[in-house]
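Take a look at the structure below.
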Amino acid sequence: MTITENTFTGEFSYTLDAKGRLNIPSKFRSALSPDNDKSFVITKGMDPCVVAYPLVEWQQRVESGLRELSATSKRNRLFVRSLTRFATTVKLDGQGRIQITQFLQEYANLDRDVRIIGVVNKIEIWNPDDLQRMQDLSQDDFDDLSDKVIL
């Protein structure tokens, strides 16, 4: 059970099938609010992973933020293009799976085994080896950042 709708926490190990379908953990499926129509927007993450935003989160926060960036800035245009050109709306099928595009599988180095992580307002889908390499936050950084959040 989650604290609020569209809030995702925890880590799960799953497998990507030969057709690029991935089961979304039942904990995450039950956290998805009904107004999302069982849909996520998937795209490349800032790190080498796939991110899956609930459809409403994507529309209200991500799209809204992207619209606020000035199109007169080349840097802004490149960022918007980089994020949106690979964005795809996917809907949970009857078995609770989503389809990961071939490009996103390659971008995130996804093979058979994957880790699915809840990151508050979105889900990240990782190659387990890449995730292990990304977990090296120093104790000083952790302490500094924890001062900014009530823990």
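General observations
- Candidate cross-link partners of Lys91 among the aspartates and glutamates, defined by an alpha-carbon separation under 20 Å and a same-chain spacing of 8 or more, comprise Glu5, Asp17, Asp35, Asp37, Glu57, Glu63, Glu124.
- One quarter of the surface of the convex hull around the alpha-carbon atoms of segment 17-76 equals 5.8 nm², the direction-averaged projected area.
- Average accessible surface for segment 21-149: 59 Å² per residue, computed with a 1.4 Å probe over protein heavy atoms with every protein chain in place.
- Candidate aspartates and glutamates - alpha carbon under 13 Å from Lys19, same-chain residues fewer than 8 apart omitted: Asp111
- Restricting the calculation to Cα atoms, segment 52-139 yields a radius of gyration followed by a Dmax of 15.2, 44 Å.
- Computed in the context of the full set of protein chains, the accessible area of the chain at 1.4 Å probe radius has 49% of its extent on carbon or sulfur.
- Base-10 log of normalised Debye intensity for the chain (one unit scatterer per alpha-carbon) at q = 0.11 Å⁻¹: -0.46
The values are calculated or read from the model by the stated rules, or taken from the named source; none is laboratory data. Predicted model only: the values in this text are computed from it and were never measured. With ligands, DNA and RNA removed, areas are computed over all heavy atoms of the protein, side chains included. Shrake-Rupley method; radii C 1.70, N 1.55, O 1.52, S 1.80 Å.
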